[in-house]
Amino acid sequence: MKLINPYLLAITTMFVMSCTSKKEVSSLKDSYKNDFYIGTALSADQIEEKDAKVDSLIRKEFNAITSENIMKSMFIHPQKDKYDFTLSDKYVAYGEKNKMLIHGHTLIWHSQLAPWMEQIKDSTEMKAFMKDHITTIVSKYKGRINSWDVVNEALNDDGTLRKSVFSNTLGENFLVDAFKLAAAADPKVDLYYNDYNLEDPAKREGAINLVKKIKAAGGKVDGIGSQAHWKLNSPSLEEIEKTILDFSALGVKVAFTELDITVLPNPWDLKGADVNQKFEGNPKMNPYPEKLPDSIQDKLAQRYADIFKLLLKHKDKISRVTFWGVYDGQSWLNDWPIKGRTNYPLLFDAKLAHKKAYDAVLNLKESKE
Ligand code: 9MR
């Protein structure tokens with residue numbers, strides 16, 4: 001009988017152990033630490049660390065955070081002479097405690113405005129509002145927040161300026177004013193324009209023109225955020241790549257700021273994230289209420305792998321990739337465009353377990369390192 005070589009056995013055991021421990025310590029943020037920040041949007045409960053399991057997942061996997069809702073105008077500035085910084089203070093403290101990149105979302109957006117803001121009638125009132133709102137919030141967190149979405153979703157899908165209380169009172173100049181005010185309040189913070197469907201050529205062109213105009217008028221724009229609310233088969237990798245190249249050619253950073261991938265049918269073929277679109281439900285529109293079939297799970301994993309492969313190719317141009325939520329159960333896509341569905345757009349499932357898509361994103365790195 002042949003004896004087992006003890007030397008060989010020790011080497012093999014060490015090898016197996018090192019592979020296992022590597023898998024155990026792997027995380028998104030560590031695997032991508034030399035490429036770009038990996039972020040997540042945080043809900044109010046997550047900022048307040050209400051669920052210890054979710055909290056340890058956030059701290060393990062992500063090194064950048066965005067406030068999903070709590071810094072929007074209606075929450076942070078509910079009345080003309082009243083700000084409420086209770087949750088935003090906790091949010092910034094959370095990011096500092098965990099040494100994360102802290103992103104502020106968002107200063108000027110037509111949606112989730114406090115009712116009193118909707119009543120602003122003319123340019124004088126609007127200028128006064130913007131000066132107070134932007135200066136107060138940005139100065140308060142000066143040196144503590146790393147980057148801001150200064151203006152969110154100013155464009156229509158055809159690339160023209162969206163009608164809003166801002167454009168109605170100030171025209172396109174509201175963007176120039178917003179970027180100037182933010183830079184004056186914190187000259188070192190990174191300032192972003194953020195929008196969805198930017199991979200569509202017409203809207204992309206609109207964003208490029210907007211950023212050029214803001215810069216030409218003396219505004220500082222450091223980056224463009226493509227929200228990246230995407231589908232299994234669109235936008236194409238070609239359009240995503242063009243977007244990265246076109247934006248970085250403007251001399252700004254490119255961030256993917258609200259990444260998620262819907263797997264549910266959409267009869268209206270909606271793209272992006274216009275929050276004004278709401279539709280009544282239909283059971284046929286909710287085909288996977290219990291479990292995502294393996295075939296779709298595989299497609300989702302492949303889609304994420306394809307996307308991250310492309311992002312890695314252009315890592316020198318990309319500052320941050322942020323998922324819009326930590327796990328599937330909390331995603332806004334369970335309630336949009338139809339309320340009460342079960343969607344599977346992120347890398348962690350409703351029970352916080354890794355999905356195939358998570359492994360696909362990590363494997364891109366581990367096969368190389
Ligand atoms: O995820 C957010 C959801 O909880 C809110 O109900 C919704 C309200 O407008 O906003 C969602 O986040 C949006 C983000 O702030 C801007 N881009 C589109 C996002 C999805 O609607």
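The values are calculated or read from the model by the stated rules, or taken from the named source; none is laboratory data. All values derive from a computational prediction rather than experimental measurement. No Cβ is skipped: glycine too gets one built from the backbone with ideal geometry, and neighbour counts run over all protein chains shown. When the accessible area is computed, the model is the full protein with side chains, heavy atoms only, and any ligands, DNA or RNA have been set aside. Shrake-Rupley method; radii C 1.70, N 1.55, O 1.52, S 1.80 Å.
Values for this structure:
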| read-out | value |
| --- | --- |
| Unsatisfied cross-links (Cα-Cα over 30 Å) in the set LYS99/LYS299; LYS99/LYS140; LYS80/LYS188 | LYS99/LYS299 |
| Phi-based couplings in Hz for the range 300-314 (Karplus 6.51, -1.76, 1.60; Gly and Pro marked x) | 5, 4, 5, 5, 5, 4, 4, 5, 5, 4, 5, 5, 5, 4, 10 |
| Descending Cα extents along the principal axes, the range 147-209, whole Å | 32, 26, 15 |
| Cα pair distances in the range 204-250, grouped into 5 Å bins until the bin that holds the longest one, percent each | 5, 19, 28, 22, 13, 8, 4, 1 |
| Where trypsin sites (Lys or Arg not before Pro) fall in DSSP loop in the range 306-369, at most 10 other Cβ within 10 Å | LYS351, LYS368 |
| Of all accessible heavy-atom area on the chain, the percent that carbon and sulfur account for (1.4 Å) | 55 |
| Relative pair counts by distance (%), Cα atoms of the chain, 10 Å bins | 5, 23, 32, 24, 10, 3, 2, 1, 0, 0 |
| Vicinal HN-Hα couplings computed from phi for the range 70-84 (Karplus, 6.51 cos²θ - 1.76 cosθ + 1.60; Hz; Gly/Pro x) | 5, 9, 5, 3, 5, 8, 8, 9, x, 10, 3, 10, 9, 9, 10 |
| Cut-off 17 Å, label 7 Å out along Cα→Cβ of THR124, residues of the range 150-190 by amide N | 169-170 |
| Hz values of 3J(HN,Hα) by residue in the range 46-59 - Karplus curve (6.51, -1.76, 1.60), Gly and Pro given as x | 6, 5, 8, 6, 6, 10, 4, 5, 4, 5, 6, 5, 4, 5 |
| Accessible area of the chain divided out per residue, in Å², using a probe of 1.4 angstrom | 46 |
| Sequence-separation-based contact order of the chain, relative, with Cα cut under 8 Å and 6+ spacing, percent | 16 |
